[in-house]
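Notes follow once the structure below has been shown.
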Amino acid sequence: MTASEELKGKRILLIEDEESLAIGLEYNLCEEGYIVDWAKNGRDGIEKINTGNYDLIIVDLMLPYHDGFEITKLIRSRDVQMPVLILTARSSNEDKIKGLDYGADDYVVKPFNLKELLLRIERMLRRKSWYKNLEKTGETFRFGDNRVNFINLECAAGEKTFRLTPKEAMLLKYLAENSSRIISRKELLENVWNLNSDVETRTVDIFISRLRKYFEPDPENPVYFKSVRGAGYIFEPGN
């Protein structure tokens, strides 16, 4: 497989200290048509982040000088839209949830299936293209007394203003695109987190709870983000 024409030439930063893996992955990404920079440790990775212009960043967790968690937090503090993929041998649910909470868009455990990884990367790059399209249209999503700007992730709920994390925004966007339809936790994990359904589904519940806290007049009695016992959730934006 190769990347679609509109994605060829996208710049990817790979921060990975395992040389054999990095060389192989760099080769395959270049074969897809991407332009790849490789940083061999966390310090060099941060330097490239500071000086480069990338469309997606892949980062290992266990790195010399600065680990992947630290780098992910740094990226997210500067850019709410940059796609970040954690690629690591650390497979615990705790690490996965921590990485996603720190702002990663996806979390892939080594060893990985190359075709699946390339598909995930393509999907993440398409999300960034979606953000750019929103910049052109200036789209603001409204429901009830709530407003969401999917460009800078700034929101208003009545008089209260705040900013979503990228993952919270992606969850809300998916719910909005599938409003008035029951959506299972499995579907949300696979389409928002790009994770298999064997991951702790409590993650979904936590993020739904956050959206209720932000947007519901009474989070204990939700009117927008409703639970459906034994099935999942349904988003009812109203008129």
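Observations, loosely collected:
- The listed residues are 7, 29, 63, 14, and the only one of them that is modelled with pLDDT under 95 and either farther than 20 Å from residue 193 by Cα or buried (at least 17 other Cβ atoms within 10 Å of the Cβ) (or both) turns out to be 7.
- Here 142, 120 are screened, and the one residue that is among the charged types (D, E, K, R), crowded, with 16+ Cβ neighbours inside 10 Å and at pLDDT 80 or above is 120.
- Residue among 150, 225, 207 that alone is more than 20 Å from residue 120 (Cα to Cα), touching a helix residue (DSSP H, G or I) at 6+ places or on another chain (Cβ under 6 Å), without any contact (Cβ under 8 Å) to a residue 24 or more places away in the chain and open to solvent by less than 70 Å² (accessible area, probe 1.4 Å): 150
- Subset tally (residues that are surrounded by fewer than 18 Cβ atoms within 10 Å (Cβ to Cβ) and closer than 19 Å to residue 152 by Cβ) for the range 66-92: 4
- Scope the range 78-95; condition outside any loop (DSSP other than H, G, I, E, B), within 23 Å of residue 10 (Cβ to Cβ) and modelled with pLDDT under 90; matching residues: 78
- The range 44-60 - residue that is free of Cβ contacts under 8 Å to residues at least 60 places away in the same chain and assigned to a loop (DSSP other than H, G, I, E, B) and, of those, most open to solvent (accessible area, probe 1.4 Å): 53
- Residue that is modelled with the highest pLDDT, among those in the range 96-117 that are of a type in the set (D, E, K, R), in a helix (DSSP H, G or I) and touching a strand residue (DSSP E or B) at 6+ places or on another chain (Cβ under 9 Å): 116
- Check on residue 110, farther than 18 Å from residue 166 by Cβ and of a type outside the set (Ser, Thr, Tyr): yes
- Check on residue 197, surrounded by 12 or more Cβ atoms within 10 Å (Cβ to Cβ), among the polar types (S, T, N, Q) and at pLDDT below 90: yes
- The residues in the range 177-194 that are in contact with a strand residue (DSSP E or B) (Cβ under 7 Å, 6 or more places away or on another chain), crowded, with 20+ Cβ neighbours inside 10 Å and at pLDDT below 90 can be counted, and the count is 0.
- Residue within the range 165-176 that is at pLDDT below 90, more than 14 Å from the chain's Cα centre (by Cα) and not polar (S, T, N, Q) present: no
- Filter pass, residue 37 being assigned to a strand (DSSP E or B) and either surrounded by 21 or more Cβ atoms within 10 Å (Cβ to Cβ) or not hydrophobic (A, V, I, L, M, F, W, C) (or both): yes
The values are calculated or read from the model by the stated rules, or taken from the named source; none is laboratory data. All of these numbers come straight from a predicted model, not from anything done at the bench. Methodologically, a virtual Cβ is constructed for each residue, glycine included, from the backbone with ideal geometry; neighbour enumeration extends over all protein chains shown. Calculation scope for accessible area: heavy atoms of the full protein, side chains included, ligands and nucleic acids excluded. Shrake-Rupley method; radii C 1.70, N 1.55, O 1.52, S 1.80 Å.
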